[in-house]
Amino acid sequence: MKVAVFGAGYVGLVTGACLADLGHEVVVRDIVEERIDALRGGEVPIHEEGLAQLLERNRERIRFTTEVNAAVEGADVIYVAVGTPPTYSGDADLSAVWTVVDELPEVDRRIVVAMKSTVPVGTGRTVRHRLDDRGLENVGYVSNPEFTAEGTAVHDFMHPDRVVIGAFDPADADVVERLHDGIDAPIIRCDVASAEMIKLAANAALVTRISFINEIANVCEATGADVTTVAQGIGLDHRIGPAFLRAGIGFGGSCFPKDSLALKQLAANSGYSFQLLNAVIEVNELQKRRVIGKLERRLGSLRGKKVALLGLAFKPGTDDMREAPSLVLAGRLLAEGAEVSAWDPVADGRHLDGVDVAGSALEALDGADAAVLVTEWPELRALDWAEAGARMRNRLLVDGRNMLDPVEMRGYGFDYEGIGRAAE
Ligand code: UDX
């Protein structure tokens, strides 16, 4: 089939590359010329495992353009994969979605617009009206949300837990279902609003689990239990399951913070206060800041103290720093008068005002009074921690991801503190 993908960001590129790999003819369209030029030249503007290889392997089947008409010409399906960032009020900003919808040219055959961008429930209905108002009755509409996580997006796309297809017209759902031939996963076919809600509710369930285990961790700290053992103990209950029970310094990224806020506002706009989600968001904000308290308890005032942030990306395997806990930590530390150094194997922290970004983890640790492990990069697990300790002025180590072995770290002379792990 012929597919146009609007938006050459994380979601659009992964969608385009994977659909090409399934044998479809793909055109990816973006408004940013430099990005399209780079992609045409074989450069991949984002760090995503396996994406570059996939694009290379399917070079014959994937093209890049800035032109709407060139993208839409001959297409059976048009994917919308543009950004929907939060507005000042916390609602999703759909302006990029409306631009795509309003730019669609008239076509003399049936084509299907498939929404990949995360949008509030009710968006599909509004898009439908907008298309009808323009006389584009032969443009179908389907909600086909993505559940791919950064760093494993290609794998997640090709091996999903499920494919959700919400449509107004079953014939449109058939088209999108056929597009997924070759992917072995249950298909949920439903109405558009339910498909939109499945996406938001899935993310809400996941963030609820994270804030839940983070609160359990905080109570563990206060009572002498160890959250990693507790997570293992509850995760073996088949009704609970082991995933997403890693306590830490909170969730970040391009989806969770934005989508939980968007669902909260969506509920509020309909007159409902989503109290559980409000708490989940607040717990996450406090969780990032708890590290500051841990440092102050050991070091006293942070004024003039050097704190090294190990990892800047919101999680390993990506260069993405959107809503990363590192940003809040750096900001709070600088506000407390600390000197902040940082290192990340991929994420570029050079734009972080006042933060001294080092070329290596050991360099960042030179003369530090404390180290905070912010992102659980494998490189940090493999770090020469004996050497790391030797470089520091004071061996205080806060492991914000519970990645390191407390006994081993204490063996290197560190005053080690994790999240929700029993003190020495
Ligand atoms: C997420 C969803 O997983 C994906 O389905 C959706 O489409 C987009 O949002 P992503 O943001 O790429 O994907 O990352 P994910 O691996 O889910 O992690 C999100 C955040 O939660 C990270 O900051 C991570 O550190 C944190 N997290 C995750 C925890 O703190 N504890 C956990 O147990 C799991």
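Converting phi to 3J(HN,Hα) with the Karplus coefficients 6.51, -1.76 and 1.60 and the offset θ = phi - 60°, the stretch 366-377 yields 3, x, 6, 8, 7, 10, 10, 7, 9, 10, 7, 5 Hz in sequence order, with x at every glycine or proline. Suppose every Lys and Arg Cβ carries +1 and every Asp and Glu Cβ carries -1, with no other charges. What dipole size does the stretch 141-286 come out with about its Cα centre, to the nearest 20 debye? Here the size comes out at about 280 debye. Which shape class applies to the stretch 312-383: rounded if a/c is under 1.5, otherwise prolate when a/b exceeds b/c and oblate if not, where a ≥ b ≥ c are the square roots of the Cα gyration tensor eigenvalues? Oblate shape, in that a/c is at least 1.5 and b/c is the bigger or equal ratio.
Think of the chain as having a plus end and a minus end, set by charges on the Cβ of Lys, Arg, Asp and Glu; of 46, 275, 377, 275 sits farthest toward the positive end of this dipole. Modelled label positions at residue 278 and residue 405, each set 7 Å beyond Cα in the direction of Cβ, lie 4.6 nm from each other. Quick one: check the C-alpha center-to-center distance for the stretch 221-262 versus the stretch 1-42, whole angstrom. After rounding, the separation between the Cα centres reads 34 Å. Here residue 53 and residue 244 are evaluated by their C-beta separation; at R0 = 30 Å the FRET efficiency comes out at 0.60. Please report the carbon-and-sulfur percent of the accessible area for the stretch 255-369; probe 1.4 Å, protein heavy atoms only, DNA, RNA and ligands left out. With neighbouring chains kept in place, the figure for the stretch 255-369 is 51 percent. Taken along the Cα-to-beta-carbon direction at a fixed 7 Å, the label points for residue 134 and residue 181 span 3.0 nm.
Less than 5 angstrom separates the built amide H of residue 112 from those of 77, 78, 140, all sequence-distant by 5 or more or on a different chain.
First check a/c for the stretch 226-332, with a ≥ b ≥ c the square roots of the eigenvalues of its C-alpha gyration tensor; if it is under 1.5, answer rounded, and if not, answer prolate when a/b is larger than b/c or oblate otherwise. Before the final figure, lay out the partial values.
Working: a/c = 1.77, a/b = 1.29, b/c = 1.38.
Note, shape of the stretch 226-332 comes out oblate.
Amide H to amide H, with H built 1.01 Å from N, residue 5 comes under 5 Å of 27, 28, 29, 79, counting only residues 5 or more places away or on other chains. Taking amide H as placed 1.01 Å from N in the peptide plane, the amide H of residue 163 sits under 5 Å from that of 187, 188, each at least 5 places away or on another chain.
In a reduced charge model with +1 at each Lys and Arg Cβ and -1 at each Asp and Glu Cβ, the stretch 269-424 shows a dipole moment near 520 debye about its Cα centre.
When the chain is described by a simple charge dipole with +1 on each Lys and Arg Cβ and -1 on each Asp and Glu Cβ, the residue from 316, 295, 74 located farthest towards its positive end is 295. The calculated 222 nm mean residue ellipticity attributable to helices in the chain amounts to -13000 deg cm²/dmol, summing -39500 (n - 2.57) over DSSP H runs of n ≥ 4 and dividing by all residues.
A simple spin-label model places the labels of residue 110 and residue 193 2.5 nm from each other, with each point 7 Å out along Cα-to-Cβ. With the Cα gyration tensor of the stretch 35-113 giving a ≥ b ≥ c as the square roots of its eigenvalues, does the rule (a/c under 1.5 for rounded; else a/b larger than b/c for prolate; else oblate) give rounded, prolate or oblate? Oblate, since a/c reaches 1.5 and b/c is not below a/b. On the basis of the beta-carbon distance and an R0 of 41 Å, residue 390 and residue 33 show a calculated FRET efficiency of 0.25. In a fully extended conformation the segment linking residue 336 and residue 229 would gain 35.1 nm over its present Cα-Cα distance, using 0.36 nm per residue.
With Cα atoms defining each centre, the stretch 309-367 and the stretch 85-161 are spaced 34 Å apart in the structure. Counting only DSSP beta bridges with both residues in the chain, what percent are antiparallel, rounded to the nearest 5? Around 5 percent of the beta bridges assigned by DSSP in the chain are antiparallel ones. Computed from phi, the 3J(HN,Hα) profile of the stretch 340-354 under the Karplus parametrisation 6.51, -1.76, 1.60 (θ = phi - 60°) reads 10, 10, 7, 8, 8, x, 10, 5, 9, x, 5, 7, 7, 4, x Hz, with x in place of Gly and Pro.
Taking only protein heavy atoms and a 1.4 Å probe, what accessible area per residue, in Å², does the chain have with all protein chains in place?
On the way: 18500 Å² over 424 residues.
Accessible area per residue: 44 Å².
When each full DSSP H helix of the chain is screened for a Cα extent of at least 27 Å along its own axis and an average Kyte-Doolittle hydropathy of at least -1.0, the helices passing are 192-223, 275-299. Among the protein heavy atoms of the stretch 146-238, carbon and sulfur supply 59% of the accessible surface, probe 1.4 Å, non-protein parts ignored. Distance distribution P(r), the chain, all Cα-Cα pairs, bin width 10 angstrom from 0: 4, 20, 28, 23, 16, 7, 1, 0 percent.
Using only side-chain charges placed at the Cβ, +1 for Lys and Arg and -1 for Asp and Glu, the dipole size of the chain relative to its Cα centre rounds to 1060 debye.
On the beta carbon distance between residue 73 and residue 162, with R0 = 22 Å, the FRET formula returns roughly 0.10.
The values are calculated or read from the model by the stated rules, or taken from the named source; none is laboratory data. Predicted model only: the values in this text are computed from it and were never measured. Reconstructed Cβ throughout: ideal geometry from the backbone, glycine too, with neighbour counts over all protein chains shown. Ligands, DNA and RNA are excluded from the accessible area calculation, which covers all protein heavy atoms including side chains. Shrake-Rupley method; radii C 1.70, N 1.55, O 1.52, S 1.80 Å.
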